[in-house]
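Here's the structure we're looking at; comments come further down.
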Amino acid sequence: MMPEPLQKSFRDRIRTGDTLLGGFVFSTDPNITEIYAAAGFDFVIIDLEHTMGDLRIVAAHLRAARAAGIQASVRIGRSQLHDVPRLLDAGCKSLMLPHLGLPQYGAEEALRVMRYSPEGERPTCTGVPAAGFGLSSFADYVQRSNSEVAAFGLVEDKICVDNIDTVLGGGLVDCVMPGPGDLSVSYGVHGQFTHPHVQQAIRTVIGAARRARIAAGLYISDPSEVAAGLDQGFSVFVLSIDYKLLGAALRSAAGQMREQVR
């Protein structure tokens with residue numbers, strides 16, 4: 001009997017252009033991650049940049065993700081850049097890094113510490129959850145981690161767009177994702193996500209991703225936007241935020257209930 005083929009890692013799925021569906025999780029409750037898994041999503045992004053979450057909450061989400069069979073990425077803010085090694089040691093296999101290409105922000109440094117030498121500068125400890133608490137081969141873990149840890153890079157600044165081919169040239173980013181909100185601010189058209197400058201910046205990012213042979217990710221507000229995104233060249237889709245989806249669902253339900261009362 002032939003052995004079954006090994007399942008592709010999340011990074012391999014990104015790199016080979018699989019269509020992947022995810023969502024931002026702002027809730028501190030790890031049950032939310034399990035709900036996304038039960039609902040059929042491929043991954044969640046646990047947000048640390050805009051929430052009051054901490055590393056213990058992230059660890060709970062990571063455990064929930066492993067148990068439920070869904071991939072979990074972590075979006076870090078500037079204040080958590082120094083926590084990248086600890087997040088990886090806790091079992092995180094994917095990070096979303098803000099303000100790619102903005103030297104003072106530190107995303108490039110974070111990319112370097114995501115992998116062990118000689119590919120990077122990640123600190124070493126054998127007694128952590130990701131390495132099996134020292135009960136398995138650390139050499140095997142290093143090889144596996146270096147090949148499987150995935151990096152999302154958020155393009156949020158005009159300076160990054162202007163230098164996008166150079167920024168992506170290092171080969172350390174697996175998926176690049178334009179952030180229309182931050183781009184609108186950077187281009188001086190605050191909140192105008194469909195402004196020609198913002199839309200041209202997004203097209204520039206997609207073109208550079210294609211040349212660098214890496215995936216492009218798209219934040220969407222509604223599931224109906226996937227088809228148009230595929231036509232543009234996106235393969236990774238992040239649907240809104242759990243809080244926003246919950247709010248919309250509750251408002252719709254309340255409206256339907258009140259219609260029956262009137």
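Residue-by-condition table, conditions (1) surrounded by fewer than 22 Cβ atoms within 10 Å (Cβ to Cβ); (2) among the β-branched types (Val, Ile, Thr):
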site	(1), (2)
GLY17	yes, no
ILE35	yes, yes
ILE57	yes, yes
ALA72	no, no
Q. Of the residues that sit in the stretch 174-198 and are out of contact with any His (no Cβ under 9 Å at 6 or more places or on another chain) and among the aliphatic types (A, V, I, L, M), which one is surrounded by the fewest Cβ atoms within 10 Å (Cβ to Cβ)?
A. VAL185
Q. With GLN104, GLN80 as the choices, which residue is of a type outside the set (Asp, Glu), farther than 25 Å from GLN199 by Cα and surrounded by fewer than 14 Cβ atoms within 10 Å (Cβ to Cβ)?
A. GLN104
Q. Quick one: in the stretch 113-123, which of the residues that are surrounded by 12 or more Cβ atoms within 10 Å (Cβ to Cβ) and in contact (Cβ under 8 Å) with a residue 12 or more places away in the chain is farthest from HIS82 (Cα to Cα)?
A. GLU119
Q) With GLY171, GLY153, GLY217 as the choices, which residue is part of a loop (DSSP other than H, G, I, E, B) and either in contact with a helix residue (DSSP H, G or I) (Cβ under 8 Å, 6 or more places away or on another chain) or closer than 30 Å to ALA90 by Cα (or both)? A) GLY171
Q | Residues that are small (Gly, Ala, Ser) and either touching a helix residue (DSSP H, G or I) at 6+ places or on another chain (Cβ under 8 Å) or touching a residue at least 12 places away in the same chain (Cβ under 8 Å) (or both), drawn from the stretch 130-150 | A | ALA130, ALA131, GLY132, SER145, SER147, ALA150
Q. So which of GLY229, GLY247 is more than 20 Å from the chain's Cα centre (by Cα), within 28 Å of SER27 (Cα to Cα) and of a type outside the set (D, E, K, R)?
A. GLY247
Q) Here are some conditions: (1) assigned to a strand (DSSP E or B); (2) free of Cβ contacts under 8 Å to residues at least 40 places away in the same chain; (3) of a type outside the set (Lys, Arg). ILE206 meets all but one. Which one does it not meet? A) (1)
Q: Please go through the stretch 219-262 and pick out each residue that is of a type in the set (D, E, K, R) and surrounded by 14 or more Cβ atoms within 10 Å (Cβ to Cβ).
A: GLU225, ASP242, LYS244
Q. Going by the conditions given, is GLY255 at pLDDT below 95 and assigned to a helix (DSSP H, G or I)?
A. no
Q: Say whether the condition of being of a type outside the set (Lys, Arg) and in contact (Cβ under 8 Å) with a residue 40 or more places away in the chain is met by at least one residue in the stretch 244-252.
A: yes
Q: Filter the strands (runs of 3 or more DSSP E) completely within the stretch 23-115 down to those with at least 3 residues that are touching a Gly at 6+ places or on another chain (Cβ under 8 Å).
A: 43-47
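The values are calculated or read from the model by the stated rules, or taken from the named source; none is laboratory data. Bear in mind the structure is a predicted one, so any value in this text is a computation, not a measurement. We place every Cβ from the backbone using ideal geometry, glycine too, and count neighbours over all the protein chains shown.
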